[in-house]
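Below you'll find the structure, written out as C-alpha cells, and then a few comments.
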Amino acid sequence: MKAKQKPGIVFQPQVHRAMQQGIYKLVSAIRPTLGPLAGGVAIDPLNVAEVLPEYLDDGGLIARRIIELQDRDEDMGAMLVRSMITRHYERVGDGTATLAVLFEAIFNTGIRYITAGGNAMQMRRYLDEGLLLILKALDSMVVPLVGPSALTRLAYSLCRQEDMAELMGEAFDLIGEYGRLDIREDYGRVLRREYVEGNYFHGGLFPRIMQPEESTARASVENAAIFLCDFEIDEHRDLFPILQMAKEANVPALVIIARNLSEAATSLLVAHNRMNLFKVMGVKLPGLNAEDRMGALDDLSVLTGAKAFVKIAGDSWVNIHAAQLGQARRVWADKWQFGMVNPGGDPRKVRQHVQRLKTTYQSLLDLEDRKKIQERIGSLQGGSVTLWIGGFTEPEINARKSQAQRAALTMRAAVQEGAVPGGGLALLKCKSVLETRYRRAGSVDERAAYGCLLEALEAPARVIYQNAGYEPGEVLAQLNGKSSLSGFDVVRGRVVNMMDAGILDSLMVLKSAVRNAVSTAALALTIDSLVHVAAPEMVGKPT
C-alpha cells in the first residue's frame, strides 16, 4: 500500500512530462490489442482465490482494470485516458484501441509544439476545426449495410469466428437496427439461435400457481382481450368488475397486465379458470421503476388498443366497459416474459409512436437511457432473436459471450449509420482533406494543428501493421496510388478491396473514437498545473 502523500501543486514543465509518461503507460497496455492479429494482456486475478492471471484482448476492459499508477503525477495522465476510454466503451463497445492510439499520437505531437513555444489555446481551436473536417470526410465514405451477407462480413471483422459471424449477420438482418437481441450463456459446445415471434416484453406470469406444471413451459391464450393497469391489486374483490364485464362481452380469453396481484387475487383467477369459462391469465407490467412502468403502459396501450388505467391519475375500473380492453390474436407468457402475436392496436398510431421513440433515442447521450428506448422500439416492432453462446469451459463461454456482446453493440451502430473501410484505411483517406488545409494555413498554430492531425491519422494503421508483424512504412508505400477502397489485409498479407474482403468499421464507432480522441487531447494540451489532495483514496478513485 502506498504511503500517505502530502497535498501539493505541480507546474510546468513537470506537468507535461508526467502526464505524457502516464498516458504512455496506459496506452501501451492497450496498443497490443489493435487489429485482427493483435496480442493480449495478462492481468493479476482480482479474486485472491484464483491462480491464473486474467487474459484480456479488449481495450475497454484493460483500461477498467488499471485503477491507479504509483506516481501521482503520471496517474493524472493515465486516469484522464482511462476516463475517456471507459466512456467510449460504455457507449459504443468497440474502437477503444483506435481511440487510445489516436489520442496518444495527437497529445505527443502537440506537446512537442507547445514545448517549442507554441500556443496551446490557439492550437486547440484549430484541432477542433480539423475534427469537423475529419468527421465530414468519414461521412462521405459511408456504405449502408444491406442483407445478411454484408452484415456477416462486418460481424466476422469484429469477432473473427465464422459460426458467430454467420449467426450475428442473420440476426441483425432479421431484427434491424433497433430489434431485440439477447445473448445468453449455453453449456453446449456450439452456438445456436432462437427466434421469438411477435412482440416480446420482460414481465412474466404471476406466482407459480398461474403457470403450467413445468416452470419452463409457457401459458398461452388465443383471441385475448387485454386489461392494462399499473395498480397493485391487493383485494380480490377489485377484480369482480373486470371479470363480470368480460363475461358479458363473451371474450374468449382475458389477460390482466398489472404491477402486482396479491395471493388472494391470484387465487380468484385460478378458481375462475377451473370453472371452464373464459381463460384468464395475469402477467406483470414490465419495468423496475415508475418511469419504466409508465413507458411500458404507453407502449402496450398503443400496441394493443387498451386504455391504460393509471393509479396516479385517479383511474378506476368500477364501470369498465369492453371498448376499454385491448386485443391480441395470441398472448403467451412464462416465468420471465410475455409476448403477443398480432396485437390489435391502430397500425398508424403504432408507427407514429415508434417514430417518436426513435427521435428520442437519437437525442439521448446516456447509454442506459438509449438502451431502454432501443428495447422499447424493438418490442414494439416485433420479433426478437436469442443467441446461445456455448464452449468447452466456463472461461471460454464467458469470453465468447463478452465478444458477442461487443460485436452486437458495434453492429447495431453500423446498421444505424453504415460502415466505412476498416483496417485504418478510412482514417488514412481523411488525410487528403487536411493536407489541403495544411498547405493553406495562415498561421504557425494552424499549421501545427493540422500537421498534428495528419500524423495521428496514420497511427492506427501503423499499429495494426506492426502488431501483425509487418513494417508499417513498407505497407503504406504499397498503398500509394491505389484506389480509395484498397487497403492492406494483414491476415492475407496483401492489398485488397476492403469492402469486398469484409474489412469494415462502424461509422458511428469510428466517429466516436475520433471525436473523443481529438477533443480530449486538445483539452489535455491546455493543462498547466496539477493539484493533489492529501488522501486521494478518500476522494474516490474511478471505478
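The values are calculated or read from the model by the stated rules, or taken from the named source; none is laboratory data. Computed from a prediction, not measured in an experiment: that's the story for all the values here. As a convention, Cβ positions derive from the backbone with ideal geometry for all residues, glycine included, and neighbour counts pool all protein chains shown.
At a glance:
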| quantity | calculated |
| --- | --- |
| Unique residue being under 26 Å from residue 15 (Cα atoms), of a type outside the set (A, V, I, L, M, F, W, C), in the same structural domain as residue 507 (by TED's automatic domain parsing) and surrounded by fewer than 21 Cβ atoms within 10 Å (Cβ to Cβ) when the list is 77, 118, 59, 110 | 118 |
| Residue check for residue 172: buried (at least 21 other Cβ atoms within 10 Å of the Cβ) and touching a Pro at 6+ places or on another chain (Cβ under 6 Å) | no |
| Unmet requirement for residue 327, which otherwise passes all of (1) at pLDDT 90 or above; (2) in a loop (DSSP other than H, G, I, E, B); (3) of a type in the set (S, T, N, Q) | (2) |
| Yes/no for residue 180 being closer than 12 Å to residue 381 by Cβ, touching a residue at least 60 places away in the same chain (Cβ under 8 Å) and under 22 Å from the mean Cα position of the chain (by Cα) | yes |
| Single unsatisfied condition, residue 479 versus (1) touching a helix residue (DSSP H, G or I) at 6+ places or on another chain (Cβ under 6 Å); (2) more than 16 Å from residue 36 (Cβ to Cβ) | (1) |
| Strands (runs of 3 or more DSSP E) completely within region 458-538 that count 1 or more residues being closer than 22 Å to residue 31 by Cα | 486-489, 504-506 |
| Selected residue (only one of 514, 475 is more than 18 Å from residue 101 (Cα to Cα) and either aliphatic (A, V, I, L, M) or touching a Gly at 6+ places or on another chain (Cβ under 6 Å) (or both)) | 475 |
| Only listed residue being crowded, with 17+ Cβ neighbours inside 10 Å, assigned to a helix (DSSP H, G or I) and either not β-branched (Val, Ile, Thr) or not assigned by TED's automatic domain parsing to the domain that holds residue 464 (or both), chosen from 149, 157 | 157 |
| Positions within region 311-362 being among the small types (Gly, Ala, Ser) and either in contact with an Asp or Glu (Cβ under 6 Å, 6 or more places away or on another chain) or within 16 Å of residue 226 (Cβ to Cβ) (or both), in sequence order | 322, 323, 326, 328, 333, 339, 344, 345 |
| Residue pairs meeting the criteria (Cβ under 8 Å; at least 6 apart or on separate chains; first in contact (Cβ under 8 Å) with a residue 24 or more places away in the chain and at positive phi, in region 142-170; second outside any strand (DSSP E or B) and not hydrophobic (A, V, I, L, M, F, W, C)) | 147/173; 160/36 |
| Unique residue being surrounded by 20 or more Cβ atoms within 10 Å (Cβ to Cβ) and among the basic types (Lys, Arg) when the list is 180, 192 | 180 |
| Yes/no for residue 381 being under 24 Å from the mean Cα position of the chain (by Cα) and under 20 Å from residue 202 (Cβ atoms) | yes |
| Residues located in region 236-273, provided they are assigned to a helix (DSSP H, G or I) and either closer than 16 Å to residue 219 by Cβ or not assigned by TED's automatic domain parsing to the domain that holds residue 319 (or both) | 266, 269, 270, 272, 273 |
| Among residues of region 90-103, those that are among the acidic types (Asp, Glu) and surrounded by fewer than 24 Cβ atoms within 10 Å (Cβ to Cβ), counted | 1 |
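So that you can scan it fast, the table gives a plain yes or no per residue for (1) modelled with pLDDT under 95; (2) under 30 Å from residue 385 (Cα atoms); (3) of a type outside the set (Ser, Thr, Tyr):
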position: 419; (1), (2), (3): yes, yes, yes
position: 446; (1), (2), (3): yes, no, yes
position: 475; (1), (2), (3): yes, no, yes
position: 512; (1), (2), (3): yes, yes, no
